[in-house]
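The next block holds one structure in the form of structure tokens; read it before the comments.
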Amino acid sequence: MATAKLFAATGDFKNDIQLPAMFDQEVNKVCMYLHIKAILNNNRQGTAQTKNKSAVSGGGQKPWKQKGTGRARSGQNTSAVWVRGAKAHGPKSHDYFEKVNKKVKKIAFRSALAAKAAEGKVQVFEALSFGAPKTKDLLAVLNKAGLEQRNALFLVSEADKNLYLSSNNIPWCRCARVADVNTYDIVRANNVVISQAALAELEGGR
């Protein structure tokens, strides 16, 4: 069974706990690749576009006659070889959307969690809530827990405004609800910090 360190809300280490079965499943790298590729492609705008010969201003009349001028042949001044002409083989706007089946998403998400647990990058806190937004207090808790200051992802069961505001000023922290994270968020995080309430929500149906 996969295990993780359990910390009190103050950052004090309590003991090692067993993680739910979803953290102990086989890592499916193919599903993770497909889901992450789809996430990144679906975030692309796809609005890059250049003008072809029909869209560039000008043209319509042959610049000079075909023969007798000593110059190269030219049919229109919107050609790509002309200054202020069209762009040859430029990008066209299109949709990068990729569909991923729900089953593949579920396997990919759980595989990402299992991979992080196998690396010892999952920590569990009894609670991650504050009475007021205080970045200094959150940093004190994290330092006491010995959490590495590098790209940490906090998973909470519901939107905690004070925790969000406390972590918002820390460049290497990100706070998110369990329902809002995806496979890419888990994979790119160096440490995944989960509250016990969020862990119960993960076990219940994510």
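The values are calculated or read from the model by the stated rules, or taken from the named source; none is laboratory data. Remember, it's a predicted structure, so these values are computed and weren't measured experimentally. Note that we place each Cβ from the backbone using ideal geometry, even for glycine, and neighbour counts take in every protein chain shown. Side chains included, ligands, DNA and RNA excluded: accessible areas come from the protein's heavy atoms. Shrake-Rupley method; radii C 1.70, N 1.55, O 1.52, S 1.80 Å.
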| request: Could you grab the pairs with beta carbons closer than 6 Å, sequence gap of 6+ or different chains, first residue in segment 174-193 and under 22 Å from ALA118 (Cβ atoms), second one aliphatic (A, V, I, L, M) and surrounded by fewer than 17 Cβ atoms within 10 Å (Cβ to Cβ)? | output: none
| query | When THR135 is evaluated against the numbered criteria (1) under 18 Å from LEU19 (Cβ atoms); (2) open to solvent by less than 50 Å² (accessible area, probe 1.4 Å); (3) without any contact (Cβ under 8 Å) to a residue 40 or more places away in the chain; (4) over 17 Å from the mean Cα position of the chain (by Cα), which criterion, by number, is the only one it fails? | reply | (1)
| request: Filter segment 20-78 for residues that are part of a helix (DSSP H, G or I) and at pLDDT below 95 and give the result. | output: ALA21, MET22, PHE23, ASP24
| note | Residue pairs within 7 Å by beta carbon, gap of at least six or interchain, first lying in segment 3-21 and closer than 21 Å to GLY131 by Cα, second loosely packed, with under 13 Cβ neighbours inside 10 Å and among the basic types (Lys, Arg), listed first then second, are PHE7/LYS14; ALA8/LYS14
| said: For a quick check of your reading of the model, give me the residue pairs whose first member lies in segment 149-171 and is open to solvent by 70 Å² or more (accessible area, probe 1.4 Å), whose second is polar (S, T, N, Q), with beta-carbon atoms closer than 6 Å and at least 6 apart or on different chains. | reply: ARG150/ASN190; ASN169/THR135
| said: Given the condition open to solvent by less than 50 Å² (accessible area, probe 1.4 Å) and in contact with a His (Cβ under 8 Å, 6 or more places away or on another chain), answer yes or no: does some residue in segment 45-54 qualify? | reply: yes
| If you go through segment 172-201 one residue at a time, how many are among the hydroxyl-bearing types (Ser, Thr, Tyr) and either crowded, with 21+ Cβ neighbours inside 10 Å or closer than 21 Å to GLY131 by Cα (or both)? | 2
| note | Within segment 105-128, of all residues that are closer than 14 Å to LEU199 by Cβ and surrounded by fewer than 17 Cβ atoms within 10 Å (Cβ to Cβ), the one modelled with the highest pLDDT is GLU126
